[in-house]
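Have a look at the structure below, then the notes.
The values are calculated or read from the model by the stated rules, or taken from the named source; none is laboratory data. Just so it is clear, the structure is predicted and the values come from calculations on it, not from any experiment. Don't worry about glycine lacking a Cβ; one is built from the backbone with ideal geometry, like all the others, and counts go over all protein chains shown. Heads up: the accessible areas ignore ligands, DNA and RNA and are worked out on the full protein's heavy atoms, side chains in. Shrake-Rupley method; radii C 1.70, N 1.55, O 1.52, S 1.80 Å.
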Amino acid sequence: MNDTQHRPGAEMLPTLLAERAKGAGNDICLIEAETDHRVTFHELDEDARHLARNLRSLGVGAGDTVATMLPHSVDTYRIWFGLTHLAALEVPIGTKYRGRMLEHILADSGARVLIVDAAHLAELAPVLGDADLPALATVIVRGGASTVGVAGDFKVLSLDELRTAADVEPLPERAEVAPHDLAMVLYTSGTTGPSKGVLIPWGQIHATTLGAFPDGTFEPGKVIYGPFPPNHVGGRLFPCLGILHGVPVVLRNTFSASAFWVDVQKYRCTTTALVSAMASILWNTPVNEYEADNPLHDVLMVPLIAEYDRFQKRFGVRVCTDYNMTETSIPLHSGWDFDDWRSCGRVRPDYPGYELRIVDANDNPLGPGEVGELVCRTEAPWTLNAGYLGRPEATAEAWRNGWFHTGDAFRYDEQGRFYFVDRTKDAIRRRGENVSSFEVEREVLDHPDVIDCAAIGVPSELSEEDIKVFVVKRPGSELTEALLVEHVRAKAASFMVPQYVEFLDALPVTEATNKVKKSELRALEAQRREQATSVAASGSAD
């Protein structure tokens, strides 16, 4: 690490925001695409401080967890940076979550306060009414004071009232945020059990922000476009980039193909990121008036689609790619000039000093071309996750032998390029979401006519994966694929709803532990798809 600017002790983002507020306070910091609401660096910093004072009056303090269920908005960052003044931790919850997932995160995080948009009260009310949430003391509603259907042993307030309330006692002076201070708790997909809360230090946020794009990408005049929700590292990345580089950021809560080029043209956006499903959708969309002569220049595409080169030429952009997960800070990056689009890139050469290995089941290093699990560590402390909230055993398992185990299968070549092969875990990657097969299965098993089931990811026409569930139903049941899909749709987030259902008499299981052998199901599915492709090719030839 030869860049001393980014060594431990470098300024963390809350400190940078305060400095931007003083030195370039009237510059635009954030814009909401849906509402055109804009705030300057000074306004965001002042709003965060004011909100912190009023949250403190509700008893929020150091180490407390505050759950948020909000669209990607300016309020997201008023709250996040406000909580930083209190040394409290935000726990963002996806706005599509409902039922058991909502209950699990609220209970597991021990959230003292919940801040929720009024639009999601209907999904939340049953959880608040029935769940055992002894730590929850206050529910704050954004977008109005409506509390219809919300009941429980907690106080209910309006965020608007809280934001506009007179200042209470001043905030005590807090020491400058350090790399080891925790920034938030992000829940990541559970694969063999419920979702786990990842403890993310500010040092990790800083390292992720520094490594997202190649050096030299940002300069005065750049405008960042962030079409991701705020309960993902990817969503948080965009405002962090804006604060780090002093450029405006346009937020859109979720990706919209019809709005993408309209937003880019309206706000003169130059820089964005796309998961491959988004890139495929844009690539397959008919040419429209807004994409022509557009200002977009820099695209981080994860992973690259096969048509990436034609994508660059059609839209007049350059693309790069990387590899990351909630627990890491971008260990692999391609840069703008790469020589194999199938690769995730090479080991990031700068801060925080990444070291990567491909290892076997016993953590022994493997050589070029051999497939094993990707493990990593860094020279700089606090630039990777600090473990899992309330789960010391899971933390020890992930961090065994001094390396963080990603759970992803990789290989590398003689030129130092790394290639993602498969997931050693059972998470399914669907349209930018890491979906827990365990949680999909739990929703399916909740149907009274289902005896057993297994969920896997299958290739999607839009890249990444779709969800398929293999189901064993009760004898004599009249359950159909459509009825089961509707059952899950009514209870779970939309990205958890299976696209395919297949009924089997029994699932393949191991003799000793009776665990479902998903490898056999994946192999069966791959064989079928290969046969279907062969038949289609044969028919075409005829």
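Brief remarks follow.
- Heavy atoms of Tyr419 accessible to a 1.4 Å probe, total area in Å² rounded to 10: 10
- Extent along principal axes [Cα atoms of the stretch 271-407; Å; largest to smallest]: 54, 35, 26
- Average 1/r across all pairs of distinct alpha carbons in the stretch 22-119, invert it, and you get the Kirkwood radius: 14.3 Å.
- Using alpha carbons only: equivalent-ellipsoid semi-axes of the stretch 268-328, gyration tensor based, whole Å: 21, 13, 10
- Taking the average, over residues, of other Cβ atoms within 10 Å as the packing measure, peptides 490-498, 105-113 rank 105-113, 490-498 from highest down.
- With contacts taken as Cα pairs under 8 Å and at least 6 residues apart, the chain reaches a relative contact order of 12 percent.
- Extending 7 Å from Cα along the Cβ direction at Glu393 and again at Glu307 yields two label points whose distance is 4.8 nm.
- Set of aspartates and glutamates with alpha-carbon distance to Lys22 below 13 Å, sequence-local pairs under 8 removed: Glu43, Asp45, Glu46
- In plain terms, if you count all Cα to Cα distances in the chain and split them into 20 Å steps from zero, the share in each step is 20, 56, 23, 1, 0 percent.
- Aspartates and glutamates with Cα under 14 Å of Lys491, excluding same-chain neighbours fewer than 8 positions away: Glu103, Glu123, Glu439, Glu441, Glu443, Asp446
- For Thr84, the accessible area of its heavy atoms, probed at 1.4 Å with every protein chain present, is near 10 square angstrom.
- Stokes-Einstein diffusion coefficient of the stretch 21-74, Kirkwood radius over Cα pairs, 20 °C, 1.002 mPa s, in µm²/s: 167
- Applying the Karplus relation 6.51 cos²θ - 1.76 cosθ + 1.60 with θ = phi - 60° to the stretch 353-362 yields 3J(HN,Hα) values of x, 6, 10, 10, 9, 9, 10, 8, 5, 9 Hz, where x marks Gly and Pro.
- Principal axis dimensions, the stretch 347-479 - Cα atoms, whole angstrom, descending: 60, 37, 28
- Cα-centre dipole for the chain with unit charges at Cβ (Lys and Arg positive, Asp and Glu negative), debye to 20: 260
- Those lysines that a straight Cα-Cα span of less than 25 Å connects to Lys517, excepting residues fewer than 8 apart in one chain: Lys196, Lys425, Lys468, Lys473
- Highest-first arrangement of 520-529, 452-461, 326-335, where packing means the average Cβ count within 10 Å: 326-335, 452-461, 520-529
- Projected label points at Ser519 and Trp341, each 7 Å from Cα along the beta carbon direction, are separated by 3.2 nanometres.
- Taken along the Cα-to-beta-carbon direction at a fixed 7 Å, the label points for Ser258 and Asp215 span 4.5 nm.
- Structure-based [θ]222 nm, the chain - -39500 (n - 2.57) summed over DSSP H runs of at least 4, per residue, nearest 500: -9500 deg cm²/dmol
- Computed over all pairs of different Cα atoms, the Kirkwood value for the hydrodynamic radius of the stretch 466-508 is 11.0 Å.
- Helices in the chain that qualify as membrane-span-like (whole DSSP H runs, Cα extent of at least 24 Å along the helix axis, mean Kyte-Doolittle hydropathy of 1.6 or higher) do not occur.
- Computed from the C-beta positions of Gln527 and Asp293 and an R0 of 30 Å, the FRET efficiency is 0.05 to the nearest 0.05.
- Chain lengthening between Asp350 and Asp132 when straightened (0.36 nm per residue, less Cα-Cα): 73.8 nm
- With coordinates expressed along the principal axes, the C-alpha atoms belonging to the stretch 196-242 extend over 38, 22, 13 Å, beginning with the largest.
- Protein-only accessible surface order, largest first, of Trp341, Trp336, Trp382, Trp399 at 1.4 Å: Trp382, Trp341, Trp399, Trp336
- Ranking Thr321, Pro286, Leu241 by Cα position along the charge dipole of the stretch 239-338, where only Lys, Arg, Asp and Glu carry charges on their C-beta atoms, puts Pro286 farthest toward the positive end.
- By the Kirkwood approach, averaging reciprocal distances over each pair of separate Cα atoms, the stretch 173-257 gets a hydrodynamic radius of 14.5 Å.
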